[in-house]
Amino acid sequence: MWFLSEPPGHSLRKLIKVSHGGRIVGAGWVSFQPDGSISFGLSDRAYVSPHLCVRNSLWNAYNRIAIEYVIPSSPDALLAVQNPHFTFHPDAMFHLKSNKDRKAKNEAIFEGIADVGIVLHQEGEMPWIRAASSPVDQLSEPGKLRAPAIDTEDLLVQVPVVMNSASATVEIDFIRPENVVAHRNATTWEYAWGKVGLRIRIGLTAPQIATLSWFHSS
């Protein structure tokens, strides 16, 4: 059964890219680790809502999990995080750090516990991340890959010619592994990894500041 899966034992890397005006730029990435961990990161600075930045929070079967997609018009009330990356450590630990926090071994910006297996058993899926990139014309073209031996796939979306600019949106949810469909559609990718399945949706929206939101209790 799905909840008896073993750790994968290898790594995968998915690069979220956007094609616009003859350029292909990097918006973010998803990394799948041998121990079953999954990380998501944005390629530049992003803004997060301070009221989501809590530590040692617990979600369980009696605590509803919700998510909000914050699209502010101004970053004044938000917390800037450089190259944020959010990691799920199975079976239930989550944390958000910046590159600076990781290198300095500082405390996480956010830490929480949510038993993904229980949520998937009861609900079938669990929201995790909602993110938006900076305008694509402000993003850089990807540089040379680190650890090129890792199995890597580009998740590419195209900005229509009629749009002068846009921001990429990323929605990442946990789903049951047995519900994973290899080729859902042109903007949705699904993967089974260890005890969970992951669904990644990439879209486009009007240009905005980069933002990152994640699940919280409701």
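Brief remarks on what is shown
- Filter result for residue 132 (at pLDDT below 80, within 30 Å of residue 177 (Cβ to Cβ), outside any loop (DSSP other than H, G, I, E, B) and among the small types (Gly, Ala, Ser)): no
- Entry remark, the stretch 153-207: residues being among the aliphatic types (A, V, I, L, M) and either outside any loop (DSSP other than H, G, I, E, B) or within 15 Å of the chain's Cα centre (by Cα) (or both) number 13 in total.
- Odd one out for residue 138 among (1) surrounded by fewer than 18 Cβ atoms within 10 Å (Cβ to Cβ); (2) modelled with pLDDT of 95 or more: (2)
- Extreme residue, modelled with the highest pLDDT, among residues of the stretch 106-118 that are closer than 29 Å to residue 167 by Cβ and surrounded by 14 or more Cβ atoms within 10 Å (Cβ to Cβ): 116
- Selection within the stretch 9-25 - within 25 Å of residue 205 (Cβ to Cβ) and surrounded by fewer than 15 Cβ atoms within 10 Å (Cβ to Cβ): 19, 21, 22, 23
- Number of the exception - residue 178 against (1) at pLDDT 95 or above; (2) over 19 Å from residue 8 (Cβ atoms); (3) of a type in the set (D, E, K, R): (2)
- Flag for residue 168 being among the aliphatic types (A, V, I, L, M) and either closer than 20 Å to residue 94 by Cβ or exposed (fewer than 14 other Cβ atoms within 10 Å of the Cβ) (or both): no
- Of all residues making up the stretch 171-200, the number that are of a type in the set (D, E, K, R) and surrounded by fewer than 17 Cβ atoms within 10 Å (Cβ to Cβ): 2
- In the stretch 81-99, the qualifying residues are those that are part of a loop (DSSP other than H, G, I, E, B) and at pLDDT below 80, and the one that is surrounded by the most Cβ atoms within 10 Å (Cβ to Cβ) is 84.
The values are calculated or read from the model by the stated rules, or taken from the named source; none is laboratory data. Please read all numbers here as calculations on a predicted model, not as lab measurements. Cβ atoms come from the backbone with ideal geometry, glycine included; neighbour counts cover every protein chain shown.
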